[in-house]
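None of the figures in this text is laboratory data; all of them are computed from the coordinates on show. Since this is a predicted model, take the numbers as computed values, not measurements. Using ideal geometry, Cβ is built from the backbone for each residue, glycine included, and neighbour counts are taken over all protein chains shown.
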Amino acid sequence: MCNEGDVIVKNFLWGTTSYDDKPVHVVLFVSRNKDNRDIKDFKERRKSFITTKTVEELRPEFKAFAEGGLKGEMSRMYYSVNARDPQKIYTQLMHFLFDNPDFNLCSIQSKIAGIAAQKECALEHKWMFDFDINDEIQKHNFTIRVSQLSDSCPMVYKTPNGYAIVINHGFDTRELMEEWGDNVTLKRDDLLCVDWDYK
């Protein structure tokens, strides 16, 4: 038999105290002005957080976010290319809270995501090329060139306006950017658009 005190203690055991060896990523759900210029009375919405969930595990939550918009509104889900270092996030958060005692704790989730997104908190060093040509052949040619110059096997992801090409490590990109620079943006630590949906 439990007493009232036991119940109160159990009610405050929310959350988990370990990451279970799962990588931590930054996630952003966003409905952007840029994508929704033709939607009447549109207001930009965003939700950012860190998680150990995979993209697949996040899809129901993203679907609910997209459904919260106006009819015809486009929403995107972004997922950090590189896993984040929980200890560095924790340390920087503690410093921030100590220096900002009046911080609104209701905004803590997005603040943690902002800290985690800083390059200093990256646990991996993958690079991403934002390839703004929506053409299979040119994407194929670019990917082959990246593979030749980086001596790695690029991962290719479809995005709303083209492709994202991700590699596991950096390399000398001068020759590549001379050949493709007008259509490619190199992002050394950024968020990848992994899904998009319409209300």
Legend entry - Relative contact order (percent, whole number), segment 127-189, Cα cutoff 8 Å, 6+ residue spacing: 49
Legend entry - Relative contact order of the chain, defined on C-alpha pairs under 8 angstrom at six or more residues apart (%): 26
Inset, instruction - Kindly state, to the nearest 0.05, the FRET efficiency for residue 87 paired with residue 40, given R0 = 41 Å and r defined as their beta-carbon distance. - result: 0.30
Legend entry - Distance violations [Cα-Cα > 24 Å] among 53/126; 47/187; 22/199; 34/63: 22/199
Inset, instruction - Per DSSP H run of at least 4 residues, take -39500 (n - 2.57); add these up for the chain, divide by its residues and hand me the 222 nm value, nearest 500 deg cm²/dmol. - result: -10000 deg cm²/dmol
Legend entry - segment 107-138 and segment 28-44: distance between their alpha carbon centers, rounded to Å: 21
Legend entry - residue 123 versus residue 52: modelled label distance in nm, points set 7 Å from Cα along the beta carbon direction: 0.9
Legend entry - Residues of segment 176-199 with amide N under 14 Å of the 7 Å Cα→Cβ point at residue 145: 176-186
Legend entry - Label corresponding to mean projected area of the Cα convex hull in nm² when calculated from the structure given, among (i) 14.7; (ii) 16.2; (iii) 11.2: (ii)
Inset, instruction - Could you check the simple spin-label distance between residue 178 and residue 198, using points 7 Å along Cα→Cβ, in nm with one decimal? - result: 4.3
